[in-house]
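Remarks on the structure that follows.
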Amino acid sequence: MINFDKTNRQLLTSACLSCSDPHFSRPIEELPHVGCCSYSPVFSLFELSKVVTEDPSFYFNLVNQDANTVNDYTIRINAWIHPAYQKHDHSLKRSTIEQEDLKISYSICRFFKENQGCTLKSSFKNAVCRSFICSTVEDRLSTDEKSHLLEWVQDIQSEATSFHRKHEAILKERRLSLKEHPNQVFSYLKHSQTKQHHFK
């Protein structure tokens, strides 16, 4: 049911084609059923290092897009939100989680395309997108399969987190950030990738 794509280090399952997880159900018929692609992906330095090497123009597109939130060391690609979300009574008392869940139910990732799925290059997908498996699918797995799933998820997450922390610390030391110095961060990441390949 779940396969591990070793090349792109991501979990794949055909179950996503007919997602039945109630958490990802759509509140109105006008919205396509996108499953967990209602998420707003965040690019860490790990993903951005791949982007600068493989598609420099895409890096600057991420940095300069008004719809994106550029933080010091990450870029959040804010999902498109259906206008019907604004018709809800937002004065009602909801917890932060309830409010976020409501917003997500009306959201679609900007990299999602109907009848195609994710249009983002596999090597650019963040650790969450590469490792997330919903509870509906996970509940169908055997004990052994769940054990493998946990190992794969930890492996995917730890690789990205370790890289990000290491290079965030270096950039902080150099007083560079994506927000203030996108060109310098680009050069730094490109150089670090070139150096990494050189020593392989």
Item checked: Intensity falloff of the stretch 1-80 expressed as log10 I(q)/I(0), Debye formula with alpha-carbon point scatterers, at q = 0.14, 0.20, 0.26 Å⁻¹ -> -0.68, -1.04, -1.14
Next item on the list: Among the lysines, select those whose C-alpha is under 18 Å from the C-alpha of residue 93, and discard any that sit fewer than 8 residues away in the same chain.
Entry: 103
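Which of the trypsin sites (Lys or Arg not before Pro) across the stretch 15-106 are loop residues per DSSP, with 12 or fewer other Cβ within 10 Å?
Here the sparse-neighbourhood loop sites are 93.
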Check: With every protein chain present, what is the per residue accessible area of the stretch 1-158 (1.4 Å probe, Å²)?
Finding: 58 Å²
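In what sequence, largest accessible area first, do 162, 123 appear using a 1.4 Å probe?
Details: 162 75, 123 25 Å².
Output order, biggest surface exposure first: 162, 123.
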Next item on the list: Check each of the trypsin sites (Lys or Arg not before Pro) in the stretch 116-161 and keep only those in coil by DSSP with at most 13 other C-beta atoms within 10 angstrom; list them in order.
Entry: 140
Check: Where does the stretch 43-93 land on Rg(C-alpha)/(2.2 N^0.38 Å)?
Finding: 1.56
Check: How much of the accessible area of the stretch 69-128, in percent, comes from carbon and sulfur atoms when a 1.4 Å probe is used?
Finding: 51 percent
Item checked: Length released on extending from residue 101 to residue 54, taking residue separation times 0.36 nm less the Cα-Cα span -> 13.5 nm
Check: Cα axis of helix 45-54 to longest principal axis of the chain: angle in degrees, 0 to 90, nearest 10?
Finding: 70 degrees
Margin query: With loop defined by DSSP as not H, G, I, E or B, and exposure as at most 11 other Cβ atoms within 10 Å, which is the longest segment of the chain clear of exposed GluC sites (Glu not before Pro)?
Written below: 31-113
Item checked: Diffusion constant of the chain at 4 °C, which comes from Stokes-Einstein with the Kirkwood Cα-pair radius and 1.567 mPa s, µm²/s -> 70 µm²/s
Notebook entry, point to check: Within the stretch 99-129, whose backbone N sits under 20 Å from a point 7 Å along Cα→Cβ of residue 8?
Noted result: 108-129
Next item on the list: Would you mind checking the tilt of helix 143-173 against the longest principal axis of the Cα atoms of the chain, expressed as 0 to 90 degrees and rounded to 10?
Entry: 40 degrees
Checklist line | Anisotropy class of the stretch 28-125 from Cα gyration tensor, a/c 1.5 cut | finding: prolate
Check: At a probe size of 1.4 Å, how large is the accessible area of residue 12, to the nearest 10 Å²?
Finding: 80 Å²
Notebook entry, point to check: To the nearest 10 degrees, how steeply does helix 182-198 sit against the main Cα axis of the chain, on a 0 to 90 scale?
Noted result: 80 degrees
Check: Of 50/166; 87/113; 6/125, which ones are farther than 23 Å apart at the Cα?
Finding: 87/113
Margin query: Which residue, 59, 71, 91, has the largest displacement toward the positive end of the dipole of the stretch 18-104 when charges sit on each Cβ (Lys, Arg +1; Asp, Glu -1)?
Written below: 91
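Using the beta-carbon distance between residue 29 and residue 157 and R0 = 35 Å, what value does 1/(1 + (r/R0)^6) give for FRET efficiency, to the nearest 0.05?
0.45
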Next item on the list: Treating only the Cβ atoms of Lys and Arg (+1) and Asp and Glu (-1) as charged, compute the dipole magnitude of the stretch 87-139 about its Cα centre; round to the nearest 20 debye.
Entry: 360 debye
Checklist line | Cubic angstrom per residue, convex hull over Cα atoms of the stretch 113-200 | finding: 159 Å³
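The values are calculated or read from the model by the stated rules, or taken from the named source; none is laboratory data. Quick caveat, the model's predicted, so the values are computed rather than measured. Backbone-built Cβ (ideal geometry, glycine too); neighbour counts: all protein chains shown. Keep in mind that these areas ignore ligands, DNA and RNA; they rest on the heavy atoms of the full protein, side chains included. Shrake-Rupley method; radii C 1.70, N 1.55, O 1.52, S 1.80 Å.
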